[in-house]
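A short write-up of the structure that comes next.
The values are calculated or read from the model by the stated rules, or taken from the named source; none is laboratory data. On a predicted model such as this, the values are computed, not experimentally measured, just so you know. No Cβ is skipped: glycine too gets one built from the backbone with ideal geometry, and neighbour counts run over all protein chains shown. We work out accessible area using only protein heavy atoms, side chains counted, and drop any ligands, DNA or RNA first. Shrake-Rupley method; radii C 1.70, N 1.55, O 1.52, S 1.80 Å.
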Amino acid sequence: MSLSKHYQPDEMEPKLQSAWESAEVYHYFSGDQVSIYSIDTPPPTVSGSLHLGHTYSYTHTDVFARFHRMRGENVFYPMGFDDNGLPTERLVERKLGATAEEIGRQAFIEKCLQISQEIESEYQNLWQRLGLSIDWRYTYRTIDECSRRTSQRSFIDLYQAGLVYRQEAPTIWCPECGTGIAQADVDDLERQSELVTLKFRLKNGDSLPIATTRPELLPACVAVFVHPEDKRYTDLIDQQVKVPLFEREVKVREDPAADPEKGTGVVMCCTFGDTIDKHWWYTHHLDHVEAIDRQGKMTPVAGEYAGLTVEDARKSIKSRLEKDNEILERQKILQIIPVHERCDTPVELIMSQQWFIQLLEHKDRFLEIGEQIDWHPPHMKSRYRSWVENLAWDWCISRQRYYGIPFPLWYCRECGEVILADIEDLPIDPIEDNPAAPCGCGSMNFIPEQDTLETWATSSLTPQIAGRWVCEENGTTDLYKHVYPFSLRPQAHEIIRSWAFYTIAKSHFHFNRIPWKNIAISGWGIAGEGMGKISKSRGGGPVPPMEMIDRYSADAVRYWAVSTGLGKDAVISEDKIKLGAKLVTKLWNVARFSERFLVDYSAPISPMGLPLTPADRWILSRLQQLIRRTTELLEAYEYAAAKSEIENFFWSEFSDNYLEMCKQRLYTGTQETAQYTLYLVVLTLTKLLAPFLPFITESIYQGIFADSNGKESGEFKSIHLANWPTANLDLEDEDAEQVGAYLVEIATAVRRYKSENSMSLGKNLKRLMITTEDGKMDHMFAEAREDLLSITRAHELKFGDEITFDAITILDANKIKVSIEL
């Protein structure tokens, strides 16, 4: 096909996407196991509309997939949708304007399935329009049958290995979501607070000052702690003190965790205000008094404040303490509080029965595994190490919600024994199904587990779900054996603590292997200064991604996405997207210019014997350097640097200089070398840019090169299955690169003179005159005569003593002097 005068991305991009799908360009071939590149693609959480931040990180993954595919590797690039838990529940509740409890369990589950499937179709449409080279045959949902079977199988295996336990313990609890959550689900939030110093009363009537930001926990105060070496209070150890307002007597105890420098050095222990309260409660065998319930309201132990929210109770209790003269000091402070990352609600520690996976006993092993994985960028490994080293809780995997994957178990009503489902029956729903056999005690009376597995308990198994670990007959499939461990896990930095860590933990527990060889950590696409990360559940950003694609093209949006490297946040910039659109237009115009000289051209296998000019040899040598550098950068996952190298070469060396040097030869048809060089450079640049800008490069390839690269009649031969360029040592020439640098320097000096003197760059010159320090350079420039005349628009080139009186010197440096005559 020939190239049209104007490139129309709104027409071409959807056509090419359809052509790729019809030709199965992005299919993984199960019969070809020579070299596999498998990607553990992040399944986007179904919690709202996708935004431009998603096009940012998902484009990075697609660049890696396309690069490895063009290198001849069999790429396994699936897509999933994370739709099985709390984020989807919250989305559905917002859409329906009612809570799960109000709708009812079964009806709510059906609505979750329906709405999540509708939204997933929107996600897929965007990914396809963006040009992601996904093999959609391997799409999964984390609520589908395979995912449920995989997650339940994982739980059973871990339970039988003694790595899972159930206990009643202080649990991180979100009152808004009404469920226990894991440590990884907690964010830190800075806010204004107030530190109040209260009067606790000793037996002799003296006051013991204790500072707190949470006076609403006074009814749950069960002890007071001081440091054993704090001489101010050693005489008070083991004495009783009375809690203000609630008149409860508690003992003064010693513990090294009490910080003498914090507050007054005396700390009240309440069940539970924070993790140190939990530690003291456990190690000192203290009473448990619950002052806050699961809805975030005060319990009856709070007396007249029962039923108030935590915030209201705090205000009311401070007011009463002030009135009773029980406050010694009030101080405004900035405070970091833990909040649920899904809803920003301050979390509480509530005593509840939960299921846990053991983590704390395996921290050293997790650190060792982290060292076995290649992190991109490398400094992101430190975030993983920091998380593991500071891990303080085992993994709470149970959620008190309706929608999710059920625990595959029941409890015997007679003896309390845990009854696991049979492996061959998975997936099961214990509320709908019954055990296949009676309990060991003989009872057939069972209580189903009503909690659901938390989302990460399933998402941590994405390598197993995508690879269909237990989802085919006869056990493990050939697919899983070939793709696992995966080559790459791409993901965002904020879920290193959750998705990356939990996947590493599960892979270790189940297989004693790393889950992937490389992990690529993207930053966020952010809306602007101070606005931070964009969230699906809290607003999709300033401009919907499909609107930006329709306005500027998918390639232009991808250009913005690949302009910032891994691990770095990128401001969503319409100006940057416009630059991408400008590059697309320039590529098309260069291709159209080149097309007339390359139609029906058959390039020789080798350039040996061709009388290449200095300009030809320069640009071809520079091209080999570009191939080598780009390949090295992409192998190292440095796509932004690779894109920048290609773009600089295209604009500065090829478009601005070489094309201008060779135009005269191309127009006159006097040398095949210009045609050969043009062919090789345009084809190579098109291939190098293909992972970044798949649509425009495919359009150019189909218009100019597909036929000459073995395309058979009626066959769609895609650039994305073409061979990745390799550097040709025969074309590398240091001397030619030095010559080329001189040619560019001369051309730049001529352009600068014309520009400074308000002349058109196309203005013809009478003469170009060059004086050099040795004859060798004269010979070199003489060889480049035609190219110099072409780029400078000079009619004549003279050397040395031939310089005339009327000449204007425009360059005198680096052993050459250049003058022009108008």
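Numbers at a glance
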read-out: Qualifying strands (runs of 3 or more DSSP E) (wholly inside the range 355-424; at least 2 residues being modelled with pLDDT of 95 or more and surrounded by fewer than 19 Cβ atoms within 10 Å (Cβ to Cβ)); value: 418-420
read-out: Test for Asp255: is it charged (D, E, K, R), touching a helix residue (DSSP H, G or I) at 6+ places or on another chain (Cβ under 8 Å) and without any contact (Cβ under 8 Å) to a residue 60 or more places away in the chain; value: yes
read-out: Residue within the range 71-92 that is outside any strand (DSSP E or B), within 30 Å of the chain's Cα centre (by Cα) and among the aromatic types (Phe, Trp, Tyr) present; value: yes
read-out: Selection from the range 648-663 of residues that are surrounded by fewer than 18 Cβ atoms within 10 Å (Cβ to Cβ) and either in contact (Cβ under 8 Å) with a residue 60 or more places away in the chain or closer than 24 Å to Ile605 by Cα (or both); value: Trp651, Ser655, Lys663
read-out: Count - residues of the range 167-181 that are surrounded by 18 or more Cβ atoms within 10 Å (Cβ to Cβ) and within 20 Å of Pro408 (Cα to Cα); value: 3
read-out: Complete set of residues in the range 1-35 that are farther than 20 Å from Ala556 by Cα, of a type in the set (A, V, I, L, M) and in a helix (DSSP H, G or I); value: Ala19
read-out: Boolean, Ser154 is outside any strand (DSSP E or B), open to solvent by less than 50 Å² (accessible area, probe 1.4 Å) and at pLDDT 95 or above; value: yes
read-out: Those residues of the range 432-484 which are over 38 Å from the mean Cα position of the chain (by Cα) and of a type in the set (Val, Ile, Thr), in sequence order; value: Ile447
read-out: Some residue of the range 353-365 being farther than 28 Å from Cys471 by Cβ, over 22 Å from the mean Cα position of the chain (by Cα) and aliphatic (A, V, I, L, M); value: yes
read-out: Of the criteria (1) in contact (Cβ under 8 Å) with a residue 60 or more places away in the chain; (2) touching a strand residue (DSSP E or B) at 6+ places or on another chain (Cβ under 7 Å), which one Cys270 fails; value: (1)
read-out: Residues of the range 632-664 that turn out to be under 22 Å from the mean Cα position of the chain (by Cα) and of a type in the set (Ser, Thr, Tyr), as a count; value: 3
read-out: Selected residue [assigned to a strand (DSSP E or B), under 26 Å from Gln17 (Cα atoms) and touching a Phe, Trp or Tyr at 6+ places or on another chain (Cβ under 9 Å)] from Ser116, Ser57, Ser38; value: Ser38
read-out: Listing of strands (runs of 3 or more DSSP E) fully contained in the range 171-254 that carry 3 or more residues being acidic (Asp, Glu); value: 186-202
read-out: Helices (runs of 4 or more DSSP H) (entirely within the range 715-822) containing at least 1 residues that are without any contact (Cβ under 8 Å) to a residue 12 or more places away in the chain and open to solvent by less than 60 Å² (accessible area, probe 1.4 Å); value: 734-756, 775-783
read-out: The range 209-246: number of residues that are among the aliphatic types (A, V, I, L, M), out of contact with any helix residue (DSSP H, G or I) (no Cβ under 8 Å at 6 or more places or on another chain) and over 20 Å from Ala291 (Cα atoms); value: 2
read-out: Complete set of residues in the range 197-235 that are surrounded by 21 or more Cβ atoms within 10 Å (Cβ to Cβ) and aliphatic (A, V, I, L, M); value: Leu198, Ile210, Leu217, Leu218, Ala220, Val222, Ala223, Val224, Val226
read-out: Hits in the range 275-295 (condition: in contact (Cβ under 8 Å) with a residue 40 or more places away in the chain, under 16 Å from Val224 (Cβ atoms) and assigned to a helix (DSSP H, G or I)); value: Asp277, Trp280, Trp281
read-out: Out of Arg497, Arg513, Arg538, Arg489, sole residue that is at pLDDT 90 or above, assigned to a loop (DSSP other than H, G, I, E, B) and among the basic types (Lys, Arg); value: Arg513
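Here's the yes/no breakdown for (1) in contact with a Gly (Cβ under 6 Å, 6 or more places away or on another chain); (2) over 15 Å from Thr677 (Cβ atoms); (3) in a loop (DSSP other than H, G, I, E, B):
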position	(1), (2), (3)
Ala581	no, yes, no
Glu595	no, yes, no
Ser606	no, no, yes
Arg617	no, no, no
Leu626	no, no, no
